[in-house]
Structures are given as C-alpha cells and as structure tokens.
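Written below as structure tokens is the structure these notes are about.
The values are calculated or read from the model by the stated rules, or taken from the named source; none is laboratory data. Computed from a prediction, not measured in an experiment: that's the story for all the values here. So basically every Cβ, Gly included, is an ideal-geometry build from the backbone, and we count neighbours across all protein chains shown.
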Amino acid sequence: MGFTMGLNLLLLMAMVATNILSLYHLSSTIQTPKSPAPQPVPDHLIHQLHTIRATINHLTRHHPSPPATTKAAKPTIPSDLLLYSQLSPIASSCHNHPELLHKYMTYTPFSLCPLDSDLAESLTLRGCHPLPRRRCFTKTPPKPTSSLPQDPFPSSLPDANVLWTKYSCKSFSCLNRQNLNLGFDPPHEVVNFMTYKSELDLPIPQLFQIAKAANSVLRLGVDIGGGTGSFAARMKLYNVTIITTTMNLGIPNNEVVALRGLVPIHAPLQQRLPVFDGVMDLVRCGHAVNRWIPVTALEFLLFDADRVLRGGGYLWLDHFFSKGADLDKVFGPLIGKLGYRKVKWATASKNDSGGLKNGEVYLSALLQKPVSK
Ligand SMILES: *[C@@H]1O[C@H](CO)[C@@H](O)[C@H](O)[C@H]1NC(C)=O
Ligand SMILES: *[C@@H]1O[C@H](CO)[C@@H](O)[C@H](O)[C@H]1NC(C)=O
C-alpha cells in the first residue's frame, strides 16, 4: 500500500513536471506569431499530453488508503519502472514485492541485462505476471550449435544452446545422472504417453480413438505444467499442436521445450492462459496440478481450462493426486462443478513413500466439455 502510494506520488510529481514542461513548450510553440505558418505541435509533446491524461486517469481511478505504518527504508523506484508502468502492463501483485521488483528493474538500459531469469521467475511465481519490460540485451549462449533438431525426440540435446550459469548442473548428462525422469533425455521420453501400465494411464493412441469415436477432432491443445514438453513432442508426431506452460524451478525446462521445436509458455499455474475463449480441443494437466495448489486457485485453474476449451473439447487430469478423503469431499465435487461428461475416471492409491504416508491417491480423468451450456 505504501509502495502504491509512493508510486502514485512519484507519478504525480512526474506528471506535474512534464505538465509544466509541456505547457511551456506548447505555449512557446503558440507564442511565435512572427512565423507565417505556425509550427505543428511536435509528436513527442502530443505523446506527453497523452501520458499526462493517462496518468490523471490512473490517479483518479485509484484512491489508495493512507499507509498504516510507514516502513523505515523504502526502496526508491527505478526510473525505468516508472516509465514502463505507463508503457506496458504490470501485474498489480508486483507491488506486493517491491524489493524483488526493485532488484529486477535495477539494470543499465541499452547494455547487457543482469543474469537474473531466476529473479524474473521468482516474481512470476508470486503472481507478478506480466513483468514490466526492460530495455537491455538478454545474454545468449556464446557458441550455440545451429544444427537444431527437427525431431522432438532427438538422440541428445545440445549443451551449447543453454546458458548454464544459473543452474547447478552444467550439462544435460549431469541432469540425467541426477534423475532420468526429469525429461532431459529425449530417448527416455519416447515411451511416455504410449504405454498402458495401469488404469491411470491413457495412451495417446487410445485418446485419439476416444475422440474419433465421439466425432471430435484433436488439433490444438495446452499442456499445463508440462515440464520439458514430452506430451507436446508426442502429439507433434500426430500433427497436433500443443503449447506447454512450464516453469524452470532450477532446471532448464523452457529452454528444452524450445530446443525440441515446441512452444514453451513461461507462465505460472495461477496465470490466466494466454489463449482466447473456446479455441482449444484439449487441455491436459500433468501432475504439477495436484493437491498442493490451494483449492480456490485450483478452481480458477479448472474454470480457465473450461474457458479455453471449445464445446466437445477434452480436459485430461493426468495423475492428479490428493488425500483419499479429499478426493471424495473436495476435489471430486470441484471437478464436478464443470458439468463435464466423465469419459474416464480412474483412481488408485499412490504407493510411493510420500503417498503412503499421507494416504494419497491418484486420479486420472478424461472429461468432455458439453457442446452447449
Ligand atoms: C502428419 O502429417 C504428415 C505430413 O502431412 C503426414 O505425412 C503424416 O502421416 C501425418 N501423421 C499422422 C500421424 O497423421
Ligand atoms: C498401489 O498398490 C495397490 C495395491 O497393490 C494397487 O492396487 C494400486 O494399483 C497401486 N497404485 C498404483 C498407482 O500403481
């Protein structure tokens, strides 16, 4: 609140300053009676006037209550943030993290950006999305290979195309040694989504059969929390376009989705999908979507999935996990609110140590959106 107040005050001061400046310029433009054809008002002044109007609108729309307690050391606002708050949208929750935002906006314009994609992600994960734009050059890998794979399941991924500085591992083989299931070994991913080991699995050929039998075509979809994009990779081989939302969380997920020739969307789970209403054939939620998401946030997530799905489209909850009792009392009814047809609804106890300790179960569900509400 104090930050908003401070920002508004600064905006006000900036507005007054530019106002006086513009009035001076404008009046000096007008007060040149000797010139036969009066000079037209320069574009940058028109632009300034627009900015002033926008600022006035901004200030009159928002009436922040006075700050409860004024904290001692408030970071001053970097000038670029001040400028960009007028030029591109910034999520309002950015204002809840002034220190991080200040750090992010502390850079030298027109030179190399700090290596701070992890900072950007921290802000994003806290709901500060969209982040303000900056005017600096993002560092890219110094010696990338130009022979990028066409196949989304290449035999290996090129180390040279990732900036490893910000990661503890410095190569894909290191990541694979840590955990082969992280998705950084494409040959290991080939079998994913293709085999039926338990009722919880829905092999992609079966998914296509289900859709075909229902006379529903699959061409476009979103994979929410899709890691390194293996679902999109497999679907690409079926000529289906899947965009993958994925966060890095200390490993190069976004880079790898892109290296596989797929579309990475760097958006957190609480973000409205950057897709128009009713245009998707399929939304898949991998097990990043699970009981750790607050119930209200999950409800918004599901309703946003509903928003982007066309009538007859499919929502696939793939290995959603929760406590057994909560599935019956909380999550089952929550999913039921969508009013979708249950094409598949399979549950099984989660047998890993965490699952056994917490009495967790998996749910894999394929749900079809009704054609009309
Ligand atoms: C995908 O498209 C290509 C090119 O049109 C075609 O040769 C291939 O058979 C298609 N694959 C599938 C699984 O439909
Ligand atoms: C966990 O073990 C039970 C009992 O053996 C089995 O029925 C269930 O399918 C297992 N769950 C998974 C996810 O494999």
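Here is how the numbers come out for the structure above:
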quantity: Helices (runs of 4 or more DSSP H) completely within the range 36-138 that count 3 or more residues being modelled with pLDDT under 55; calculated: 43-61
quantity: Which listed residue, of 251, 242, is touching a Phe, Trp or Tyr at 6+ places or on another chain (Cβ under 8 Å), within 16 Å of ligand 1 (Cβ to nearest atom) and outside any helix (DSSP H, G or I); calculated: 242
quantity: Criterion violated by residue 202 - all others in (1) under 21 Å from residue 308 (Cα atoms); (2) within 16 Å of ligand 2 (Cβ to nearest atom) satisfied; calculated: (1)
quantity: Check on residue 194, within 16 Å of ligand 1 (Cβ to nearest atom) and either outside the structural domain of residue 316 (by TED's automatic domain parsing) or without any contact (Cβ under 8 Å) to a residue 60 or more places away in the chain (or both); calculated: yes
quantity: Within the range 330-353, considering residues that are in contact (Cβ under 8 Å) with a residue 24 or more places away in the chain and part of a loop (DSSP other than H, G, I, E, B), the one nearest to the chain's Cα centre (by Cα); calculated: 338
quantity: Hey, residue 263 more than 16 Å from ligand 2 (Cβ to nearest atom), aliphatic (A, V, I, L, M) and within 22 Å of residue 118 (Cα to Cα) or not; calculated: yes
quantity: Set 278, 261, 286: member being within 16 Å of ligand 1 (Cβ to nearest atom), small (Gly, Ala, Ser) and under 20 Å from the mean Cα position of the chain (by Cα); calculated: 261
quantity: Positions within the range 251-282 being at pLDDT 95 or above and small (Gly, Ala, Ser), in sequence order; calculated: 258, 261, 278
quantity: Pairs, first closer than 23 Å to residue 197 by Cα in the range 355-371, second hydrophobic (A, V, I, L, M, F, W, C) and in a helix (DSSP H, G or I), C-beta under 8 Å, six or more apart; calculated: 359/325; 361/327; 363/327; 363/331; 365/335; 366/207; 366/210; 367/335
quantity: Residue check for residue 185: touching a helix residue (DSSP H, G or I) at 6+ places or on another chain (Cβ under 7 Å) and assigned by TED's automatic domain parsing to the domain that holds residue 291; calculated: no
quantity: Which listed residue is crowded, with 20+ Cβ neighbours inside 10 Å, at pLDDT 95 or above, small (Gly, Ala, Ser) and farther than 15 Å from residue 283 by Cα, from 364, 322; calculated: 322
quantity: Residues being surrounded by fewer than 14 Cβ atoms within 10 Å (Cβ to Cβ) and away from ligand 1 (no atom under 16 Å from the Cβ) - total across the range 197-213; calculated: 4
quantity: Odd one out for residue 227, checked against (1) of a type outside the set (Ser, Thr, Tyr); (2) outside any helix (DSSP H, G or I); (3) closer than 19 Å to residue 190 by Cα; (4) within 16 Å of ligand 1 (Cβ to nearest atom); calculated: (4)
quantity: Qualifying residues in the range 287-312 (those that are modelled with pLDDT of 95 or more and touching a Gly at 6+ places or on another chain (Cβ under 8 Å)) - the one surrounded by the most Cβ atoms within 10 Å (Cβ to Cβ); calculated: 309
quantity: Positions within the range 230-239 being hydroxyl-bearing (Ser, Thr, Tyr) and either away from ligand 1 (no atom under 13 Å from the Cβ) or in the same structural domain as residue 218 (by TED's automatic domain parsing) (or both), in sequence order; calculated: 230
